[in-house]
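Q: For reference, the structure I am asking about is given below.
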Amino acid sequence: MSSHARNQYITGLCANIISISYGAFVGWASASFVELQKADATGSEPLIGDDAGWIGSMLCVGGSLGTIFFSWCADKIGRKRCLLLLALPALLGWLIVPFAKTPMHLALSRLMGGFSGGGTFSIIPIYTAEISDDNVRGTVGTFLVLFCNVGVLAAFILGTYLPCRIVAWILSTLPLAYLCGVIFVPESPQYLASKNDVKAAEKSLCFFRNISYKKSGTNPQIKLELENLMEKTGDKSAEKSETSVSLKDFAEPKARKALCIGMGLMAVNQLCGCFVMLNYTATIFKNSGSTLPPNQSAIIVGVIQLVGTYASTLLVERAGRKSLLIISVIGTGTGLLCLGLFMCFGDPLSGSWIPVASFSFIIFIGCWGVITLPFLVVAEIMPPKIRNLGCMICMLCLWLYSFFLLKYMGLFSELIGMHGVMFFFSTCSFIGAIFIGICVPETKGKPIEEILRRL
C-alpha cells in the first residue's frame, strides 16, 4: 500500500464494516431457520408454512426501500451523513431479534437489515468511487462484496455453535464499530465541490491523497484535481441546473446507454443463479451424498465464497473489470451446465463428487467477477450528474430480480425440475457473457471522462 493511497484504503475499510453487518443479515437466516422452526427452542412462535419464505424475502423489500431513501438523501444531505445513517436500521434490526416473539417481529428485523443493505449498496460504491484514485478505485470498490461475504461466513459460524439470539447480540456490535470508524472520515471531494465549498473540497482531497493541507497550495496534483472537480460541477450560478436531474438528462445517449448497461449487469448478477443457489446449499450437498450437517456445509460454501471474492480484490486492478466479468460468467455458466447435467442424468443418491465440485466452482468463479464487480462498474460508468439516481434505478432492478427469484424458486423447480433451473441459469450466464463482451466498457484505471467517451 503506497502512502499516497493509505487514507483511501483505510476509509474504504472503515466504510465497509457496515457491509459485514448486511452480510451477517443474509447469512443469519440460513444459519438460524432450523432452530427457529422448532417449538419452544427460542421462546417465540415456531416458523410454520411459508413463514421462512416471507422472512427471507423481506430483506429484498427492505433493500428496495433503503435504495430509494438513501439514493434520494445522497445529494440532499451528503454522502457522509448517509453513511452515518446506515448504522441506525442495522442496529435496530439486530436488537429486534433477541426480543422477537412472532414471525412478524423477525420479518421486521429482516426489513430493517435490508433497509440498511439497500443504502449500503447504493452509497458506498458512490462514495468510494469519488474518494479513490483511478489506479486504486477497483480494489477499494471490491471491499463491499468482500466484507459482505465476511459477514455471511461469520453468521454461518456463529449460528452453528450459538443460539440465534446470542448471535444477534454479538452482531449488534458491528453497527457501533462502524460508527466509530466513519465518524472521523471527511465528506467526498466531489460532493463538496458540487456545493461550491472549495475550501472543504480541498481539505478532503488532501486527506484522501495523504497530503498536508498547509502544502496543498503548492501541490500540483491537488490544484489540478480541484480545478477538474470545480469545472465539472460548475459555478454558483449554474449550481441549481447542474445538480437537479430531469428525465431529459436520461435521454442523452451516454446516460441512456450507461443506465441500460447497469440494469443489464444487475440482471446478469442475479440470473447467473449464484445468489439464489446459496439458499439451496444444504439441499445440493445432501443430494450429493454428503454426510456433513447443513450448517457445516454452509460454512464450507462461505469459505469458498470469501476466497473467491478475495481473489477478485487481488485481480481487479491487474486483469481489469471486463476480463474478470467475462471469465467469471462463462465459468459460472459451465459449472451450472455440469450441475444440471448431473441432476438430469446422474443418480442424486450416488454420493458423486460432481454436485459438490460444481457448486463450489460456481460460487468460487462467480465471486471473481459476476457477483462482485457489477456494483463497482455501475458506479464507474454513470455520468456524475445522474450517478445517484442511475445507481438507485439499477439497485431497484437488482432487488426486484432477487425478490422474484427467491420467492418463486420453489415453483420454478417444480415446473421444470431443479436440473431445468440449472440449465436456465447456465443459458442466462452465457447470454450475459455476450452482453458484457459487446456492451460493457473497460473501466480499469480510467477517469470518468474517458469511460464516458467509450460508451
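Q: Looking at Phe345, Phe403, Phe412, Phe361, which is the one that is at pLDDT 85 or above and not acidic (Asp, Glu)?
A: Only one candidate passes the filter, namely Phe361.
Q: Among the residues of region 77-102 satisfying the criterion of being part of a helix (DSSP H, G or I) and among the charged types (D, E, K, R), which is least open to solvent (accessible area, probe 1.4 Å)?
A: Within region 77-102, the match that is least open to solvent (accessible area, probe 1.4 Å) is Arg79.
Q: A further question follows. List every residue pair whose Cβ atoms sit under 7 Å apart, with the two residues 6 or more apart in sequence or on different chains, where the first one lies in region 104-119 and is within 9 Å of Ile55 (Cβ to Cβ) and of a type outside the set (D, E, K, R) and the second, anywhere, is open to solvent by less than 40 Å² (accessible area, probe 1.4 Å) and outside any helix (DSSP H, G or I).
A: Once the first residue is within 9 Å of Ile55 (Cβ to Cβ) and of a type outside the set (D, E, K, R) and sits in region 104-119, its partners that are open to solvent by less than 40 Å² (accessible area, probe 1.4 Å) and outside any helix (DSSP H, G or I) give Leu106/Ala100; Ser109/Ala100.
Q: Kindly list the number of the only condition in (1) at negative phi; (2) part of a loop (DSSP other than H, G, I, E, B) that fails for Gly445.
A: The single condition Gly445 does not satisfy is (1).
Q: For Ser413, are the conditions met, namely being free of Cβ contacts under 8 Å to residues at least 24 places away in the same chain and open to solvent by less than 50 Å² (accessible area, probe 1.4 Å)?
A: Here the answer is yes, as Ser413 does meet what is asked.
The values are calculated or read from the model by the stated rules, or taken from the named source; none is laboratory data. Predicted model only: the values in this text are computed from it and were never measured. Using ideal geometry, Cβ is built from the backbone for each residue, glycine included, and neighbour counts are taken over all protein chains shown. The accessibility values were calculated without ligands, DNA or RNA, using every heavy atom of the protein model including side chains. Shrake-Rupley method; radii C 1.70, N 1.55, O 1.52, S 1.80 Å.
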